[in-house]
1. Would you point out the residue of the stretch 346-367, among those that are in a loop (DSSP other than H, G, I, E, B) and of a type in the set (Val, Ile, Thr), that is surrounded by the fewest Cβ atoms within 10 Å (Cβ to Cβ)?
2. Considering only residues that are more than 20 Å from VAL206 (Cβ to Cβ), polar (S, T, N, Q) and either free of Cβ contacts under 8 Å to residues at least 40 places away in the same chain or not in a loop (DSSP other than H, G, I, E, B) (or both), which ones fall in the stretch 131-174?
3. Can you find a residue in the stretch 330-345 that is assigned to a loop (DSSP other than H, G, I, E, B), aliphatic (A, V, I, L, M) and surrounded by 12 or more Cβ atoms within 10 Å (Cβ to Cβ)?
4. Would you be able to tell me the number of residues in the stretch 82-124 that are touching a Pro at 6+ places or on another chain (Cβ under 9 Å), outside any loop (DSSP other than H, G, I, E, B) and over 23 Å from LEU242 (Cα atoms)?
5. So, of the residues in the stretch 127-143 that are hydrophobic (A, V, I, L, M, F, W, C), farther than 19 Å from ASP188 by Cβ and in contact with a Leu (Cβ under 8 Å, 6 or more places away or on another chain), which turns out to be surrounded by the most Cβ atoms within 10 Å (Cβ to Cβ)?
6. Is it true that LEU52 is modelled with pLDDT of 95 or more and in a strand (DSSP E or B)?
7. Going through ASP377, ASP330, ASP341 one at a time, which residue ends up being over 47 Å from the mean Cα position of the chain (by Cα) and either β-branched (Val, Ile, Thr) or modelled with pLDDT of 90 or more (or both)?
Amino acid sequence: MTTVPGPPAPSAGGPVPAAAPAAAVPGVPSQPTAPAGERLGPDWPALVAEVLADPSRLTLVAQPIVDVAGAVVAGYELLSRFAGPRHLTPDLWFAAADRLGVGAELEAVVVARALEMRADLPDNCFLTVNVSPHLLVEPALRDLLLAAGDLSPLVLELTEHTAVTDLTPVVELRDVLHARGALVALDDAGSGYSGLQQLTSMRPHVVKLDRALVADVHLDEAKLALAEMLGELAGRLDAWLLAEGVETWDEMDAFVRLGVPLAQGYLLGRPTPGFASLDPAVAARLRASAARQSLVESVASLVEAVRCEDPTAGLPLVLAVGEAGLRLDDHAHPAELLLPDGDGHRVAPVSLRTRATDDVVELALRLVARPAGCRFDPVVVVDDVGRAVGLVRAERVVGRLAAMAGASAGR
């Protein structure tokens, strides 16, 4: 697999040496000269002109985006790295280019590289690249995408750093690009009114949670509630919710419990040249977290079918030795248990009812709270109107609790 080269390493004596001054790029103004004794900030016109003249001074690294339920990489986000002073972060480069009037040209360099990198992308993965909504409709970026033919599996991640007063042209172009295979992701959802407005107007295919909502989410019920609300909204828009910036297992476990389908962050994988696979230890830990959640979610997997004696039939129920049964009332509701007793059966009252969607731990607590004489009798599972669905044997509840404890311990 072809890898993307990283930025030049610093020399032993200091920072990366600057390239020779690039020829002036049309449309990029020059930096004013500093008065004697004063020092200006970065010479952005020269720095941006160097990259536009020599795109190899910009490299891309890929950070994995993980399918939480499957514990596999579902896609990658491409992140820009610039040769030059390390304290000049990528957001500063793009903001400077935008101020200089060549923001679309710089973003087009990134998108062109992303289109080329699709050839090395692993199967069944998507590739996201950041674009600014207000620049997407500029000729340098728009024409590049329209000329690329099939755009799948590219995802254009809209990052709003400049307010867009009229989204209509962006929405119209989005529809054209989607018809050619591109998807749209919306960054920093939940960060404010403008983000929610974009969410309803753009109708993205991926909704990325704002990092402020991800940090320490397990400690903040308000963050959990907002993440759950955005997940429900994303589902109604037929979009995937992506938790970005996940750095601890406590945060990851919280999103597993919420059912968030996609996650990204240093916990799951750092940006690297090329397309790295998910670390096996991380995948195993994620599968264990998902397994614990599936065990906790409901008692549905514990339900066993049961034969019922219908009083309207006028015939007694014939049960095999060791088989439990139910006797129904005139409304098809469980009235009595028919429990194995030696070679026959005894009649016992129904001491506990539950629904298939109830929590296993909650059911266990209710089960042991019963009187000693019936504590280990089967639990009757009923539907929303009280009709019998099946039985759950007490020993299966205990077995499930043991399995949950084992999964929690990583066994």
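The values are calculated or read from the model by the stated rules, or taken from the named source; none is laboratory data. Keep in mind that this is a model prediction, so the values were computed, not measured. Backbone-built Cβ (ideal geometry, glycine too); neighbour counts: all protein chains shown.
1. First, pick out the residues of the stretch 346-367 that are in a loop (DSSP other than H, G, I, E, B): 350-352, 355-359.
Restricting the remaining residues to those that are of a type in the set (Val, Ile, Thr) gives 350, 357.
Numbers: VAL350: 19, THR357: 11.
That would be THR357.
2. If the condition is that a residue be more than 20 Å from VAL206 (Cβ to Cβ), polar (S, T, N, Q) and either free of Cβ contacts under 8 Å to residues at least 40 places away in the same chain or not in a loop (DSSP other than H, G, I, E, B) (or both), then THR165, THR168 are the ones that fit.
3. Going through the stretch 330-345, the residues assigned to a loop (DSSP other than H, G, I, E, B) turn out to be 330-333, 342-343.
Cutting the leftovers down to aliphatic (A, V, I, L, M) gives us 332.
Then keep just the ones that are surrounded by 12 or more Cβ atoms within 10 Å (Cβ to Cβ); that gives 332.
Scanning the stretch 330-345, I find at least one residue that is assigned to a loop (DSSP other than H, G, I, E, B), aliphatic (A, V, I, L, M) and surrounded by 12 or more Cβ atoms within 10 Å (Cβ to Cβ), so the answer is yes.
4. Residues that pass the stated criteria total 7.
5. First pass over the stretch 127-143, keeping only residues hydrophobic (A, V, I, L, M, F, W, C): 127, 129, 131, 135-137, 140-141.
Still in the list and also farther than 19 Å from ASP188 by Cβ: 127, 137, 140-141.
Then drop every residue that is not in contact with a Leu (Cβ under 8 Å, 6 or more places away or on another chain), which leaves 127, 137, 141.
Details: LEU127: 21, VAL137: 16, LEU141: 24.
Top of the filtered list is LEU141.
6. Numbers: modelled with pLDDT of 95 or more: yes; in a strand (DSSP E or B): no.
So LEU52 does not fit the description; no.
7. Values: ASP377 fails: over 47 Å from the mean Cα position of the chain (by Cα); ASP330 fails: either β-branched (Val, Ile, Thr) or modelled with pLDDT of 90 or more (or both).
Unique residue meeting the criteria: ASP341.
To keep it simple, each residue is scored yes or no on (1) of a type outside the set (A, V, I, L, M, F, W, C); (2) part of a helix (DSSP H, G or I); (3) farther than 18 Å from ARG174 by Cα.
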| site | (1), (2), (3) |
| --- | --- |
| LEU199 | no, yes, no |
| LEU213 | no, yes, yes |
| HIS218 | yes, yes, yes |
| ALA225 | no, yes, yes |
| ALA234 | no, yes, no |
| LEU241 | no, no, yes |
